[in-house]
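Undergrad: Here it is, the structure in full.
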Amino acid sequence: GESVGLHLPTLSVQEGDNSIINCAYSNSASDYFIWYKQESGKGPQFIIDIRSNMDKRQGQRVTVLLNKTVKHLSLQIAATQPGDSAVYFCAEISGDMRFGAGTRLTVKP
Amino acid sequence: DAGVIQSPRHEVTEMGQEVTLRCKPISGHDYLFWYRQTMMRGLELLIYFNNNVPIDDSGMPEDRFSAKMPNASFSTLKIQPSEPRDSAVYFCASSLEISGRDNEQFFGPGTRLTVL
């Protein structure tokens, strides 16, 4: 299940650094958001979600921030590891689900 | 549980042929989703079912595409006739709920379809 190819935004970080992946969503009525991780050859994997009545939610090594004013979502990964290398994309839900194009994260050892 | 199971993993066919993709959701999940992923368009929701009933098929590109869920443990996505532009990876996902804490969607490994 390769997700994308040559035209994705890319982020390259050093192992151990923090990563921030950004996503702009389109529908101000969207009330639920999800971040997915997709490794090469695999299907997307749920990472973390957040509802529109929140502006921050934390998981294990990951934090999602939601700014409804500017319709912006970010995923922060603390102490990035080589296993975090993947394509990350956000999804917004307002009745239907729409996915962002994705960002390719590469972690350098 | 083995997770969401899809078959085949790879399918190569010629334009005009019928293609059937298969999915077995996680047992107990009430929602099943079919997605298509391409380089140009990213990940797109095609259709989803709740308790075997199609709820939203607005993402189905055209009448050549059809999806069925005859029972809680099996769904098919059929393309007839297939065209080269249908080449993509097709994912099936399932979830307990569509909102709330149990809305996490579990994706299958995907079927890579190539239409020549």
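Undergrad: Given charges of +1 on the Cβ of Lys and Arg and -1 on the Cβ of Asp and Glu, with all other atoms neutral, how large is the dipole of the protein assembly as shown about its Cα centre, in debye to the nearest 20?
TA: Around 380 debye, computed over the protein assembly as shown.
Undergrad: Quick one, can you get me the convex hull of the C-alpha atoms of the protein assembly as shown expressed as volume per residue in Å³?
TA: So the per-residue hull volume is 122 Å³.
Undergrad: Check A:Glu15: other-chain or 5+ apart residues with amide H under 5 Å from its amide H, H built from backbone geometry?
TA: Close amide H contacts, sequence-distant or interchain: A:Lys108.
Undergrad: Separation between the A:Lys68 and A:Asp31 pseudo-spin-labels, each 7 Å from Cα along Cα→Cβ, expressed in nm?
TA: Calculated label separation equals 1.0 nm.
Undergrad: Between B:Arg41 and B:Glu104, what length in nm is gained on full extension when 0.36 nm per residue of separation is reduced by their alpha carbon distance?
TA: The span from B:Arg41 to B:Glu104 would gain 20.4 nm if fully extended.
Undergrad: Tell me, what HN-Hα J-couplings in whole Hz come from the Karplus equation 6.51 cos²θ - 1.76 cosθ + 1.60 at θ = phi - 60° for each residue of the stretch B:43-53, using x for Gly and Pro?
TA: The phi angles translate into 9, 10, 7, 8, 6, 9, 10, 10, 6, 6, 9 Hz.
Undergrad: Also: So how strong a dipole does chain A carry about its Cα centre when Lys and Arg Cβ are +1 and Asp and Glu Cβ are -1, to the nearest 20 debye?
TA: Dipole of chain A, to the nearest 20 debye: 140 debye.
Undergrad: May I pose another question? If you place +1 on the Cβ of every Lys and Arg and -1 on the Cβ of every Asp and Glu, how big does the dipole about the Cα centre of the stretch B:37-115 come out, in debye to the nearest 20?
TA: 240
Undergrad: List, in the order given, every pair from A:Lys71/B:Lys68; A:Lys42/A:Lys108; A:Lys37/A:Lys71; A:Lys42/B:Lys68; A:Lys42/A:Lys68; A:Lys42/B:Lys24 whose Cα-Cα distance in the structure shown is over 27 Å.
TA: In this structure, A:Lys71/B:Lys68; A:Lys42/A:Lys68 exceed 27 Å between Cα atoms.
Undergrad: Name the long-range amide H neighbours of B:Ile5: under 5 Å, sequence gap of 5 or more, or other chain; modelled H, no Pro or chain starts.
TA: B:Lys24
Undergrad: Please order B:Met39, B:Met60, B:Met15 by the number of other Cβ within 10 Å, starting at the fewest.
TA: B:Met15, B:Met39, B:Met60
Undergrad: Under 17 Å between alpha carbons, and skipping anything fewer than 8 positions from B:Lys78 in its own chain: which aspartates and glutamates qualify?
TA: Answer for B:Lys78, where 17 Å is the Cα cut-off: B:Glu11, B:Glu14, B:Glu18, B:Glu44, B:Asp56, B:Asp57, B:Glu62, B:Asp63, B:Asp86, listed by chain and number.
Undergrad: A further question follows. Residues with amide H under 5 Å of A:Ala86's amide H, sequence separation 5 or more or different chain, H placed in the peptide plane at 1.01 Å from N; which?
TA: Those qualifying (amide H under 5 Å, at least 5 residues apart or on another chain) are A:Leu105.
Undergrad: Next up: Of the candidates A:Ala78, A:Ala29, A:Ala91, which one comes out as most mobile in a Gaussian network treatment of chain A with C-alpha springs shorter than 10 Å?
TA: A:Ala29
Values in this text are rule-based calculations from the coordinates and carry no lab data. Quantities reported herein were computed from a predicted structural model and do not represent experimental measurements. Glycine gets a Cβ as well: all are built from the backbone with ideal geometry, and neighbour counts include every protein chain shown.
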